[in-house]
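To keep things clear, I will list the structure first and then write my remarks on it.
The values are calculated or read from the model by the stated rules, or taken from the named source; none is laboratory data. Worth saying up front: this structure is predicted, and the values here are computed from it rather than measured. Ligands, DNA and RNA are stripped out before the accessible areas are found, and what is left, the full protein with its side chains, is counted by its heavy atoms. Shrake-Rupley method; radii C 1.70, N 1.55, O 1.52, S 1.80 Å.
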Amino acid sequence: MEDEKIIDLFWQRDENAIKLTAEKYDSYCGTIARNILGKNEDAEECVNDTWLKAWNAIPPHKPDKLHLFLGKITRELAINRYKANSAHKRGGGEMELALDELSAFISSKNTVEENIEAEAVAKAINAFLRKQPEKQANMFILRYYHFYPISQIAAKYSVSESKVKSVLFRMRKKLYSYLESEDLL
């Protein structure tokens, strides 16, 4: 079913919207959650929570791209669960590895000024990615937004893991230079 029709069902408060959304996007959202959490059980719970959160958000929100909207919800839920799980013990998931790779760009403080700066950095990263070749930008997004393991990115693009690592390393260097030129570092 087309996303617009599914969104219309949400607006009509028709419970079939959840069923159709789950059928169409369970795999997509599950991959995002598993890449962050590393556990199927936790990932399944996050995906189920995604459907509930989407139900509560639509309406009033009307997403332009349903898959991006659902992916963002899943990502936020999975990151929150990851933080809760790692408050008790350290995990070995892809999220920790990917965030470590980007540590030069990530601030751990939460003042208002830093939150504003973080938003500016996010906008600059989006602008940077739009200027990059599609394949490299997609690799970057898969690694640092969806937290895909290097091996899965390599398989997806039929390249070696060392090629993916090299592309990501060069992209991080370019991004660092770009953010410096924008006075964001």
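Once the piece of chain linking residue 44 and residue 157 is laid out straight, how much longer is it, given 0.36 nm per residue of separation minus the C-alpha distance between them?
Separation in residues times 0.36 nm, less the Cα-Cα distance, equals 38.0 nm.
How large is the accessible surface of residue 44 in square angstrom, using a 1.4 angstrom probe and rounding to the nearest 10?
110 Å²
What does the convex hull of the alpha-carbon atoms of the stretch 1-85 project to on average, in nm²?
Answer in nm², one decimal: 4.9.
Translational D (Stokes-Einstein, µm²/s) of the stretch 142-185 at 4 °C and 1.567 mPa s when Rh comes from the Kirkwood sum over C-alpha pairs?
115 µm²/s
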